[in-house]
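First up is the structure itself, then whatever we jot down about it.
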Amino acid sequence: MDDLVSVPARTDDLAERVVAAMREHGSPSYPRAFEVWYAHLSDEIPAVSVAMNAILAGSDGKVSAADIDSLYERFISTERFSRQAERTSLQVLGEIDAMMGLVDKALGSSELYHGRLCAMSEDVPPSTDRHKLREWVEALVMSTREEVTRKAQLEAELRNSSNEIRNLREALESTRAEALTDPLTGLANRRHFEEMLQKSIDQATLRREPFALVMADIDFFKRFNDAHGHLTGDQVLRLVARTMKDKFKDKAVITRFGGEEFAIILPEADLIAGKFGAETVRQALLTRELIKRSTNENLGRITISLGVSSYRRGDTAGSLVDRADQALMQAKRDGRNRTVTEDVVETASRVA
C-alpha cells in the first residue's frame with residue numbers, strides 16, 4: 001500500500017509563495033496584487049493563471065501595476081460580483097417563495113372564512129329563538145375575530161418579507177455599483193466605461209448628438225512609482241481622479257481605464273469642446289505641487305498627456321478609442337504634458 005497521500009497546500013504556505021512570487025517578478029505589493037497572485041498560484045480562477053503566464057512569457061518575467069489592474073478588472077472583480085450577485089439573487093428568490101407561501105396562506109384563510117360565512121348564512125336561527133340567535137352571533141363574532149387576527153399576522157409577515165426583499169435589492173444594486181467602481185480612485189472602472197461608451201454611441205446614432213472621448217495618461221508614472229513607492233503612486237492616482245471629478249462634476253463619465261490611464265466620455269461635446277475640457281484638467285494639475293506629509297518633501301508637479309477624439313457616424317467603440325489613443329501617443333511623442341486631438345494626427349499622417 002502506498003504511504004504517500006496528496007494533501008492541499010496550507011494557506012500560510014500559499015501566502016508565502018505569493019509574497020515570494022511578487023518579489024521575484026517585480027510586482028507591486030498593494031492588496032489587489034496579492035489577490036491576483038493568490039488566484040493565480042491557488043488555481044482558484046484558471047483564467048487568471050492563463051493570462052498571468054502569458055504576461056510573464058512576454059515581459060521577461062516582470063509584472064507591472066497595469067498588468068495587475070488589468071487582471072483584477074478582467075477576472076477577480078468579475079468573479080466576486082458574480083458570486084455576490086448569485087448569493088443575493090438566491091436570497092431574493094427565497095424571500096419571494098416565502099412571500100408567495102404567505103399569499104397562498106392568506107388566500108386559503110380567506111376561502112375558509114368565506115366558507116364559514118356561507119354555511120352560517122344558510123343556518124340563521126329564527127329571531128324568535130333568542131338563545132340560538134345569540135349563539136349564532138357569538139360564533140360569527142368569534143370567527144370574524146379569528147380572521148382579523150390571522151390577517152393582521154399575515155400582513156406583518158408580508159411587510160417583513162417585503163422589507164427584506166427591498167434590502168436585498170439594495171444590496172444587489174450596491175454589489176453591482178461596487179463591481180463597476182475602481183476601489184482605489186472611486187472612479188468608474190473599465191467595465192463601466194465600456195458599457196457607457198456603447199450607450200453613448202447608441203444615443204449619438206439615434207439622436208445625432210455629438211460626444212467626445214478623452215484618453216489621458218500620467219507622464220512618467222512608472223519612474224515616479226520606482227522613486228517614491230507604490231503608496232505615493234496611489235496618492236497620485238487619487239489626486240488626478242479628484243482633479244478630474246472637480247473639473248467635470250456630473251457632466252462626464254470619468255473612468256480609470258487601467259494602470260495610470262484614464263478615459264473620459266464628454267456628452268454633447270464636439271472635438272473643440274473635448275479639447276477644452278482636457279486642457280482644463282491638465283492646467284489644473286499644473287497648479288498643484290505634491291508634498292509628502294511624512295517628510296515634508298516636495299515631489300514636484302504631476303503632468304498628464306491627453307488625446308481627444310469625437311464621435312463620427314458609423315463609429316464603433318474600438319474605432320473611437322483607437323483615434324483617441326493615437327492622439328494620446330502623439331502627445332507623448334511631442335514631449336508629453338499636452339493635449340492632442342485626432343485631427344492633428346490625421347493631418348500629420350497625410351503630410352507624411
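Using the structure shown, list the pairs from LYS222/LYS247; LYS62/LYS247; LYS251/LYS292; LYS62/LYS245 with a Cα-Cα distance above 29 Å, or answer none. Long pairs (Cα-Cα over 29 Å): LYS62/LYS247; LYS251/LYS292; LYS62/LYS245. Loop-located chymotrypsin sites (Phe, Trp or Tyr not before Pro) in the stretch 204-276 (DSSP state not H, G, I, E or B) with no more than 16 neighbouring Cβ atoms inside 10 Å: PHE220. Please work out whether the stretch 194-352 counts as rounded, prolate or oblate from its C-alpha gyration tensor, where a ≥ b ≥ c are the square roots of the eigenvalues and a/c under 1.5 means rounded, while otherwise a/b larger than b/c means prolate and anything else oblate? Prolate.
State whether the stretch 198-252 is rounded, prolate or oblate according to the following rule on the C-alpha gyration tensor (a ≥ b ≥ c being the square roots of its eigenvalues): a/c under 1.5 gives rounded; otherwise a/b larger than b/c gives prolate, and the remaining case gives oblate.
It is prolate, given that a/c is not under 1.5 and a/b is the larger ratio.
For the listed peptides 337-345, 296-304, 202-210, a ranking on the average number of other beta carbons within 10 Å per residue, highest first, reads 337-345, 296-304, 202-210.
Each reported figure results from applying straightforward, stated rules to the coordinates on display, with no laboratory input. None of the values given here were measured: they were computed from a predicted structure. FYI the Cβ positions are ideal-geometry reconstructions off the backbone, even for glycines, and counts take in every protein chain you see.
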